[in-house]
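The values are calculated or read from the model by the stated rules, or taken from the named source; none is laboratory data. The structure presented is a predicted model; accordingly, all values stated were derived computationally and were not measured. Here the Cβ is made from the backbone with ideal geometry for all residues, glycine too, and neighbour counts use every protein chain on show. Surface areas here come from the heavy atoms of the whole protein model, side chains and all, with no ligands, DNA or RNA. Shrake-Rupley method; radii C 1.70, N 1.55, O 1.52, S 1.80 Å.
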Amino acid sequence: MKTTLLAVGKLRPAFRDAADEYLSRLRRYGPTDEIEVREAGKSPTAAESLREEAGRLAGKLPGGALVIALDREGEAWSSEALAARLGRWRDEGRHLAFLVGGSHGLAPDL
């Protein structure tokens, strides 16, 4: 199983250690890439920022990957549920792409 983490912007130093810990855990399942795309800082509206960032993320998505959008408004998974899903995806040989949005979140169509 290959995993790609696609994120808008750079993590603040306070979160970098936690992110590195989770990435090291994911690497136990197979190769893991981390890709950051630039935030849409000068867009006049939040909706335009979301569209611009969605285009940047979509342009970096690996072909055929199962996309998992990480959003604070989304469904919360327990550690056990996440481990079970990762195990299924690993057994299926899926390429996973986890998406993390910028300050406005992720575009709904992404």
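Numbers for the structure displayed
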read-out: Protein accessible area in the chain, 1.4 Å probe - carbon and sulfur %; value: 51
read-out: SER79-ALA58 FRET efficiency (beta carbon distance; Förster radius 30 Å; 0.05 resolution); value: 0.55
read-out: Qualifying trypsin sites (Lys or Arg not before Pro) for segment 4-61 [loop in DSSP, other Cβ within 10 Å: at most 16]; value: LYS10, ARG27, ARG28, ARG38, LYS42
read-out: Helix 79-92 axis, angle to the chain major axis (alpha carbon atoms, nearest 10°); value: 80
read-out: Principal-axis tilt of helix 13-26 within the chain, Cα atoms, nearest 10 degrees; value: 40
read-out: Theoretical ellipticity at 222 nm over the chain - DSSP helices of four or more residues, -39500 (n - 2.57) apiece, nearest 500; value: -12500 deg cm²/dmol
read-out: Nonlocal amide H pairs with GLU39, under 5 Å, H built at 1.01 Å; value: GLY9
read-out: With at most 12 other Cβ atoms within 10 Å, longest stretch of the chain clear of loop GluC sites (Glu not before Pro) (DSSP); value: 1-72
read-out: Cα-based helix-to-principal-axis angle, 46-60 vs the chain, degrees rounded to 10; value: 40
read-out: Solvent-accessible heavy-atom area per residue, rounded to whole Å², over the chain at 1.4 Å; value: 65
read-out: Kirkwood-based Rg to Rh ratio, the chain, C-alpha trace; value: 0.97
